[in-house]
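As structure tokens, the structure follows; a few thoughts come after it.
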Amino acid sequence: MIINDNDKISSFQCFVLFVSVMIGIGIMFMPSSVAKAVEQNGWFVVLLGGMLSFLAFLLIFKLTMLDPDVTVIELLTNAFGKIVGTVFSIMYVIYFIIFSSFETRLIAETAKEFLFTLTPNEVLVITFLLSCAYLSRYGVEVIARMCEVLMPGIVLIIIILSFFVYQRLDFSNLLPVLNISFLKLLKGIGTTIFSFLGFEVFLFFMPYIRRKDKLIKSAFFGFLVTVLLYEVIIIFATADFGAKEMQTMVWPTLNLFRDVTVLEIVIERPESIVVALWMITTYTTEIIFLMTTSLILARIFNTKEHNFFVFLQLPFIYILSLIPQNISETQRFMDYFSYFFATFLALFLPLVTYTVLSVKRKVKKT
Amino acid sequence: MRIKKEAALAILIIFLTLFLSGCWDRVEIEDRGYVLALGVDKYDPSDLNKYESNEYIDLDRKTQKFSPEQKKPDIKTNQKGIDPQTKRKVKPPLPNSKNEYKFAVTVLFPNLRTIGKDSKPDEQMRFLFVRPANNVIGIRNYLEREINKRLYYGYLKVIVLGRDLVEEPGYMKEVLDGLSRESDIPQNTFLLVSETTARDVLNTMPLVQPVTGIHLFEISKNASIYGRVIDTPLSQVVNSFIDSNCAVISRVEPGVETLKVAGAAVFKNFRFVGWLNEKQLQIYKLLMGKAKHTFIDDLKYKSTYIPFVTTEIQTQKKIKNEKGRLKIVYNLRIEGEVVEFVFKSGYKVLDDPIRKYIQNELNKILKTRAEDLIYLLKYRYNADVLGIGDLISKRRAKDWEKLKKNWDDEFKKIDIEVIPDVRLRRSGTIY
């Protein structure tokens with residue numbers, strides 16, 4: 001049995017965790033929703049979105065560094081008292097459960113369209129969830145190691161596929177540059193939020209990190225890799241389809257890599273590879289979410305092990321993931337979710353907690 | 001203990017069913033029909049009458065393996081295809097004014113058994129089905145009643161559109177929507193417009209490659225090498241329809257034992273407006289920057305036609321503002337070689353008077369041909385297939401805001417100048 005209290009993650013594993021948790025299913029749809037908001041200026045919006053999310057992470061880092069040996073749950077209790085703190089912690093649980101169910105539903109939807117046309121949605125969801133839950137029962141370190149194995153492969157394959165896409169691109173589709181109003185730009189940044197979300201799991205990982213001082217560095221590189229990957233995808237998709245056509249697509253990223261043909265025989269129709277690849281990226285995101293939820297629950301209920309909470313949340317994720325009627329409704333819910341719920345929990349609540357705690361400390365000192 | 005064992009077994013079974021769900025919708029390769037070509041025509045009621053005519057039915061009976069005495073039961077049906085005696089549906093309903101079909105779809109897929117070892121020498125290499133339908137992509141669901149294969153569009157190579165179909169913008173839209181919506185269809189499938197009907201094209205068995213779909217696909221694929229053929233993949237056609245409402249789709253001519261991909265059809269607002277012939281297409285490819293190699297053989301010196309094979313082509317587009325009017329300038333830089341000349345003529349091709357002469361004459365030829373093409377596109381077809389509007393919207397976004405309201409008229413007013421610059425570099429192995 002793995003002793004969970006002992007597991008610590010290195011700074012490289014932190015970097016891998018950042019990349020794995022942020023690159024999820026969101027990238028499949030992001031180019032089209034960005035194109036709807038800002039036409040061909042998606043590359044700029046993604047850059048801004050990445051920077052803003054990094055700033056949000058810095059806030060989270062500041063908050064958690066107030067007391068690096070505990071998670072944010074104890075900090076919440078310190079700041080708002082036992083009852084309110086627990087309510088906020090449970091909100092985080094709900095947040096991650098909803099987030100996981102979005103990921104699950106969307107990956108099932110994608111797999112159904114391109115790989116398993118006759119397999120029922122329910123079966124896809126259950127298999128995906130069970131295979132995620134299998135790994136999530138272990139500690140942070142095991143998961144970080146798993147991401148360490150999977151992540152470089154994914155990034156590498158995306159880059160290799162991009163080379164083959166490159167030959168049919170028309171970069172004049174990126175013109176004219178920045179001819180949009182400030183309001184539209186803001187709206188565009190809003191559409192990228194969901195793709196960057198996930199970094200807030202580090203609110204709960206602080207006690208497990210070996211070198212706390214190096215976290216900023218690994219976060220910076222994690223954000224850098226994610227932003228670069230998103231930039232490649234969005235620039236390529238815009239150059240390939242043009243902003244107008246991209247607005248009509250459901251899976252622009254998949255369409256981009258789908259019609260890659262290399263020498264007729266070597267690679268033809270790699271869509272199954274691409275869908276499988278995205279299953280893996282979603283898988284890494286999902287295992288981290290499942291584990292984080294169970295970690296929070298373990299902290300709330302003060303239990304030593306977190307692993308039995310993993311299976312406890314699966315029924316909720318399963319039911320929630322099957323609620324939306326179709327993919328566009330899922331995306332609409334996702335937008336509401338990221339605009340209100342996520343901004344509250346990833347930005348607003350840490351800010352308030354930070355202010356309350358620092359004021360309290362000052363009061364104590366004086 | 002026993003209960004534990006049984007529980008373990010039950011859990012194992014549940015897990016197996018879950019983890020083996022990848023095999024849920026497995027289809028064996030022999031059971032699949034890989035559709036290689038799809039032909040879409042406008043439905044013509046006289047077609048079905050042909051199948052219902054006595055001649056055809058007699059032919060059908062002769063080819064059946066019934067003995068002549070053993071007659072097929074002759075069921076008379078009413079208009080809806082229902083037998084009045086048994087009240088059962090026997091045939092697909094005959095067309096009348098109420099239920100007229102929209103499309104006649106041709107589906108072609110290869111006979112995979114001919115590839116295997118136990119193939120018979122007289123077996124045909126491909127299967128062709130023509131059926132009336134109201135949906136193009138949905139045709140496979142209708143064909144499943146009579147074909148024991150699961151039809152799959154994943155390896156679709158070409159889609160041929162009939163001449164009658166492209167006259168109807170509404171039908172064209174429906175077809176394009178279906179093609180870009182269906183997730184199975186690769187977006188780099190080539191689109192072609194038939195000079196007659198799509199069925200005629202697909203029905204032809206070309207000598208060199210009898211599977212018509214592959215034949216057309218390979219010709220279109222070579223288009224980037226040869227100057228006279230243009231490749232028009234589905235994604236590109238859809239893209240240009242979305243961007244500028246106009247598109248060019250390659251054209252195919254059916255022959256007896258051959259199929260010729262030559263010229264192109266010009267579309268405006270989803271409606272076919274006219275053809276481009278091969279020479280116009282050559283210039284069109286040059287202007288679009290799509291030509292890699294091309295072959296110009298119009299130049300005449302004494303009694304010899306001098307063929308000019310290009311080796312390198314660069315196209316540059318510029319927008320100039322001249323007295324408040326926009327002017328598009330195409331700079332074509334073409335390098336190439338002369339592969340035939342007059343034997344023992346006293347002149348050497350690479351030496352100066354004759355080299356300059358050839359270059360100047362070729363420049364003139366290209367310029368006049370380009371002007372003719374631009375005139376045709378501007379005034380006859382009024383279709384912006386050169387992407388001028390797209391170019392202005394990208395480079396001069398402010399000007400485009402004014403122009404885009406009535407672009408059809410403004411397009412006629414825009415000056416387009418083509419400046420070819422031919423350089424003769426080589427002359428084969430003789431000077």
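The values are calculated or read from the model by the stated rules, or taken from the named source; none is laboratory data. Just so it is clear, the structure is predicted and the values come from calculations on it, not from any experiment. Cβ coordinates were reconstructed from backbone atoms using ideal geometry, including for glycine residues, and neighbour counts include every protein chain displayed. For the accessible areas, the whole protein counts, side chains as well, though only heavy atoms, and no ligand, DNA or RNA atoms are used. Shrake-Rupley method; radii C 1.70, N 1.55, O 1.52, S 1.80 Å.
Taking only the Cα atoms of the stretch B:237-393, the radius of gyration and Dmax are 18.1, 56 Å. Electrostatic tally near A:Ala243: other residues with Cβ closer than 14 Å to its Cβ, Lys and Arg +1, Asp and Glu -1, net -2. Counting only protein chain heavy atoms and rolling a 1.4 Å probe, the accessible areas of B:His293, A:His306 rank, largest first, as B:His293, A:His306.
Chains B and A together bury roughly 2300 Å² of accessible surface, counting both sides and using a 1.4 Å probe on protein heavy atoms. Close amide-amide hydrogen proximity is noted between B:Arg150 and B:Arg32, B:Gly33, each under 5 Å apart and 5 or more residues distant or on a separate chain (H modeled in the peptide plane; Pro and chain starts excluded). The simple spin-label model puts a point 7 Å past each Cα toward its Cβ; for B:Tyr375 and B:Arg181 those points are separated by 4.4 nm. Excluding same-chain residues fewer than 8 positions from B:Lys260, which aspartates and glutamates have a Cα within less than 15 Å of its Cα? Candidates past the 8-residue exclusion: B:Glu195, B:Asp200, B:Glu218, B:Asp231, B:Glu278.
Taking 4 °C and 1.567 mPa s as conditions, the stretch A:16-141 diffuses translationally at an estimated 73 µm²/s according to Stokes-Einstein applied to its Kirkwood radius (Cα pairs). Bridgeable aspartates and glutamates around A:Lys112 (alpha carbons under 18 Å apart, same-chain partners fewer than 8 residues away excluded): A:Glu103, A:Glu122, A:Glu271, A:Glu329, B:Asp25, B:Glu182, B:Asp184.
Largest accessible area first, the listed residues A:Leu58, B:Leu12, A:Leu229 line up as B:Leu12, A:Leu58, A:Leu229 when surface is computed with a 1.4 Å probe on the assembled protein chains. Of the beta bridges in the protein assembly as shown, as assigned by DSSP with both residues counted there, near 65 percent are antiparallel. Computed from label points 7 Å out along Cα-Cβ, the spacing between B:Arg425 and A:Leu178 is 4.0 nm. Both the radius of gyration and Dmax for the stretch A:11-343 are 19.6, 65 Å, in that order, over alpha-carbon atoms. Once the chain from B:Tyr357 to B:Phe295 is taken as fully extended at 0.36 nm per residue, the excess over their C-alpha distance is 20.5 nm. Do any of B:Lys42/B:Lys157; B:Lys327/B:Lys378; B:Lys300/B:Lys364; B:Lys102/B:Lys157 go past 19 Å between their Cα atoms, and which? Over 19 Å Cα-Cα: B:Lys42/B:Lys157; B:Lys102/B:Lys157.
Each part gets one Cα centre, and for the stretch B:130-157 versus the stretch B:300-348 those centres are 48 Å apart. Can you give the Rg to Rh ratio for the stretch B:267-357, taking only C-alpha atoms and Rh from Kirkwood? When Rh is taken as the Kirkwood radius, the ratio is 1.10.
Rounded, prolate or oblate: which fits the stretch A:271-350, taking a ≥ b ≥ c as square roots of the Cα gyration tensor eigenvalues, rounded meaning a/c under 1.5, else prolate when a/b beats b/c? The shape class here is oblate. Cα centroid distance between the stretch A:47-87 and the stretch A:289-366, in Å? The two parts, judged by their Cα centres, are 12 Å apart.
For the stretch A:120-164 and the stretch B:230-278, what is the separation of their C-alpha centers, rounded to whole Å? Here the two parts' Cα centres lie 44 Å apart.
One equal scatterer on each Cα of the stretch B:164-315, no solvent, Debye formula: the resulting log10 I(q)/I(0) at q = 0.11, 0.13, 0.19 Å⁻¹ is -0.46, -0.64, -1.25. Taking every protein chain into account, the 1.4 Å probe leaves A:Ile216 with about 50 Å² of accessible area, to the nearest ten. What net charge is computed for the residues neighbouring A:Asn255, neighbours being all others with C-beta under 11 Å from the C-beta of A:Asn255, Lys and Arg scored +1, Asp and Glu -1? With Lys, Arg at +1 and Asp, Glu at -1, the net is -3. Note on the stretch B:128-240: Cα-only Rg and Dmax are 14.2, 44 Å. Out of all DSSP beta bridges in the stretch B:278-430, what portion is antiparallel? Express it as a percent rounded to 5. Percent antiparallel among DSSP bridges in the stretch B:278-430 is about 60. Dipole magnitude for chain A: about 1520 debye, using +1 per Lys or Arg Cβ and -1 per Asp or Glu Cβ, origin at the Cα centre.
Taken one residue at a time, the phi angles of the stretch B:290-305 give Karplus couplings (6.51, -1.76, 1.60, θ = phi - 60°) of 9, 6, 9, 10, 8, 9, 10, 10, 8, 6, 10, 10, 6, 10, 9, 8 Hz. Gly and Pro are set to x.
The mean accessible area for residues of the stretch B:223-374, using a 1.4 Å probe and ignoring ligands and nucleic acids, is 47 Å² per residue. Modelled spin-label separation between B:Arg150 and A:Ile323, with each label point placed 7 Å from Cα along the Cα-to-Cβ direction: 3.4 nm. Relative to the 2.2 N^0.38 Å rule of thumb, the protein assembly as shown has a C-alpha radius of gyration ratio of 1.17. Using C-alpha pairs under 8 Å with a sequence gap of at least 6, the mean separation divided by the residue count of chain A gives a relative contact order of 39 percent. Rounded to the nearest 10 square angstrom, A:Lys112 shows an accessible area of 60 square angstrom against a 1.4 Å probe. A simple rule links phi to the HN-Hα coupling: the Karplus curve 6.51 cos²θ - 1.76 cosθ + 1.60 with θ = phi - 60°, which for the stretch A:33-43 gives 6, 5, 5, 4, 7, 10, 6, 8, 8, x, 4 Hz, with x for Gly and Pro. Under the combined filter of DSSP loop state and at most 15 neighbouring Cβ atoms within 10 Å, the stretch B:274-336 retains none of its GluC sites (Glu not before Pro).
Using a cut-off of 29 Å between Cα atoms, the listed pairs A:Lys187/A:Lys244; B:Lys268/B:Lys402; B:Lys285/B:Lys344; A:Lys184/B:Lys413; B:Lys173/B:Lys285; A:Lys82/A:Lys217 include B:Lys285/B:Lys344; A:Lys184/B:Lys413; A:Lys82/A:Lys217 as exceeding that distance.
Among the trypsin sites (Lys or Arg not before Pro) in the stretch B:345-431, those placed in a DSSP loop whose Cβ has at most 14 other Cβ atoms within 10 Å are B:Lys348.
Near the amide H of B:Ser250, within less than 5 Å, lie the amide hydrogens of B:Val193, B:Thr232, B:Ala265, all on another chain or at least 5 residues away, with H placed in the peptide plane. Of the trypsin sites (Lys or Arg not before Pro) in the stretch B:114-207, the ones in a loop by DSSP (not H, G, I, E or B) with at most 11 other beta carbons within 10 Å are B:Lys117, B:Arg145.
Legend: residues B:Tyr375, B:Tyr142, B:Tyr34, B:Tyr155, sorted from most to least accessible area (1.4 Å probe; ligands, DNA and RNA excluded), read B:Tyr375, B:Tyr142, B:Tyr155, B:Tyr34.
Each residue of the stretch B:176-181 was assigned a 3J(HN,Hα) from its phi angle through the Karplus curve 6.51 cos²θ - 1.76 cosθ + 1.60 (θ = phi - 60°); the sequence is 5, 4, x, 5, 8, 7 Hz, with glycine and proline shown as x. Taking Lys and Arg as +1 and Asp and Glu as -1, the other residues whose beta-carbon sits under 12 Å from that of B:Val237 total -3. The solvent-accessible area of A:Ile159, taken with every protein chain present and a 1.4 Å probe, is close to 80 Å².
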